[in-house]
Amino acid sequence: MFSSHHFVSSKTLKFRTFSQLTGFLLRGIHGGGDFNKNPDPISSNSTANNNASSKNSSITNDIDELCKIMSKNQYNSQLSISANRYNTHSLLDDSGIKVVTPELVEQVLKKLTNAGALALSFFRWAEKQQGFEHTTGIYNAMIDSLGKIKQFQLIWDIVYCMKRKGILTNETFGLIMRRYARARRSGDAVDAFEKMERYGLRQELSDLNCLLGTLCKSKNARKAQEVFDEMVKRKKRFVPDVKTYAVLLEGWGEARNLVMLKEVYREMGDEGAVEPDVVVYGIIIGAYCKCGKYNEALELLREIEGNGKCKPSAHVYCTLINGLGSEMRLGEALEIFERTKAVVSHLGIPTYNAVVGSYCWSMRFNDAYQMVEEMRGNGVGPNSRTYDIIIHHLIRVNRTEEAYFLFQRMAGDPNLNTYGMIVRMLCQEVERIDLAMQVWDQMKDKGIVPGMHMFACLVNSLCRECKLDDACRYFQGMLDLGIRPPGRLYDNLKEALLDNGKVDEAISIGEKLDNIRKTQWTG
């Protein structure tokens, strides 16, 4: 981590605020006076955690080591695929890791999920290890990674291989449908569903629910409704259950279309004769909150609490706390929190995090830190999400020094989301781009692979500050990871290069991007 003096700007810190933050960090988050003695807020009261299996510890170390090797030895788009693979495989062979297990490979692939080129190279290296066989889990992790960079032809090659080995599952097709839907190729997602029987798999209602869910999560509730109407109402291929309706309700809720949400809910009772459960009520309450209909949401909660048919879950209360808190209706959010305590026997981290967020929305950060202290006292967290919430809100109200200070002293390691927030924050601060690059290097040293949006943020900021050599270097790094940049990012970089007379560099970057687009990926 970096010292706080790296971030101090001409804007003087308020000593009272900063010292209060330090105090809460020491007492509430770390639970002691020495950061090094107890960096983990959860493990100190559990001897079992300290005596975790040495086997698991060894696997974790191997995973971290392999990810560091892969992230530092990036794919070079100027070399052939075979040359890149040879270079990477040589480094992996020299890693000293002798035992390559399916668990190890699957976890590494999941950590490399944002870097399809690196993931594929590691995947091919693993299968060459003596006695090693890929499992369904490994193939699925590889498919998910390739789907993020839209390498669908290679995905179908892998599916064929899985079929030949007899390890193809319905879950595999769920991943493919999800990746097609997120690529805005909803027709292909539906086609993937229809192909299941061709590959020897039986379509279950759970698969239809999966398809509807992926379409809804990709903000295409209308397409999901069309598929439902076609397969359930007209062709009667499936009999919907409560999960089917819940998926559609959630889709229309995310789309903030209360008219369609109420229509699906009506059909659920009238035509489907399906009894709503607590999940359905939670989705409807969430939809009301998204649309700003908090009075209706509270009325529905009272109805659920009073009818005795189903007990409200912690998630239902949590949804209301989050919603009311975001509207700065803090008093009502805290009242719901007290009602939650009376109903739910054991409060989980999400509920506490919702209260932390509610305090932050109202800029009552001292109370948020006090809630973190209460969480720890009750043996519930905090977790990385807790830190992310506070950091997000500190950034939102321009208390950036405090956000960076908290980031430096997080218990445990920051995750990709945390790094993303800090890098974006530093990119937006005047003369902080160098520190953003330091944080970026720290993230890579931990084997965490950035995604497209982080690259875009950094490259655009470097362009604005006319650090064009660095902008080209990070843009190249994006290509080397197999991440296809958005067109607008390339346009911004090209324009900055041309404006500064770097015509050759602009042409070179364009040629590299064209080569990437034309390259036919192979297994």
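The values are calculated or read from the model by the stated rules, or taken from the named source; none is laboratory data. Remember, predicted model here, so these are calculated numbers, not experimental data. Every residue, glycine among them, receives a Cβ derived from its backbone with ideal geometry; neighbour counts consider all protein chains shown. Keep in mind that these areas ignore ligands, DNA and RNA; they rest on the heavy atoms of the full protein, side chains included. Shrake-Rupley method; radii C 1.70, N 1.55, O 1.52, S 1.80 Å.
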(request) Give me the percent of Cα-Cα pairs in the stretch 133-290 that sit more than 26 Å apart, rounded to a whole number. (result) 31
(message) So, R0 is 60 Å and r is the distance between the beta-carbons of Asp499 and Arg364; what FRET efficiency does that work out to, to 0.05?
(response) 0.85
(request) Please express the shape of the stretch 428-487 as an equivalent ellipsoid: the semi-axes are the square roots of 5 times the eigenvalues of the C-alpha gyration tensor, given largest first in whole angstrom. (result) 17, 15, 9
(request) State log₁₀ I(q)/I(0) for the stretch 307-450 at q = 0.15 Å⁻¹ as given by the Debye formula over alpha-carbon point scatterers of equal weight, solvent excluded. (result) -0.78
(request) Summarise the accessible area of the stretch 404-500 (1.4 Å probe, protein heavy atoms) by the percent that is carbon and sulfur. (result) 45
(request) Provide, as a two-decimal number, the C-alpha radius of gyration of the stretch 234-295 over 2.2 N^0.38 Å, N being how many residues it has. (result) 1.11
(request) Output the Kirkwood hydrodynamic radius of the stretch 368-470, Cα pairs only, in Å rounded to one decimal. (result) 14.5
(request) Obtain the nm distance between the two label points defined at Asn398 and Lys98 by a simple spin-label model: each point lies 7 Å from its Cα along the Cα-to-C-beta direction. (result) 6.0
(request) Return a whole-number percent for the relative contact order of the stretch 285-393, with Cα pairs under 8 Å and 6 or more residues apart as the contact set. (result) 21
(request) Just report the Cα centroid separation between the stretch 237-256 and the stretch 132-184, whole Å. (result) 25
(request) Quick one: plug the Kirkwood hydrodynamic radius of the stretch 181-242 (C-alpha pairs) into Stokes-Einstein at 20 °C, 1.002 mPa s, and report D in µm²/s. (result) 181
(message) I'd like the Karplus ³J(HN,Hα) series for the stretch 294-306: coefficients 6.51, -1.76, 1.60, θ = phi - 60°, whole numbers in Hz, and an x wherever there's a Gly or Pro.
(response) 6, 5, 5, 5, 5, 5, 5, 4, 4, 5, 5, 4, x
(request) Distance between Cα centroids, the stretch 190-231 to the stretch 329-368: provide it in whole Å. (result) 37
(message) 7 Å from Cα along Cα→Cβ at both Leu205 and Asp229: what's the point-to-point distance in nm?
(response) 2.3
(request) Anything over 23 Å Cα to Cα? Flag those among Lys217/Lys243; Lys243/Lys309; Lys68/Lys217; Lys217/Lys290; Lys148/Lys444, in the order listed. (result) Lys68/Lys217
(request) Just grab the label-to-label distance for Arg124 and Lys195, each label 7 Å out from Cα along the Cβ direction, in nm (one decimal). (result) 2.2
(request) At a Cα cut-off below 16 Å, give the lysines reachable from Lys195, other chains included and same-chain residues fewer than 8 away excluded. (result) Lys163
(request) Using the charge dipole of the stretch 258-393 (Lys, Arg: +1 at Cβ; Asp, Glu: -1 at Cβ; taken about the Cα centre), state which of Ser358, His392, Leu300 has its Cα farthest towards the positive end. (result) His392
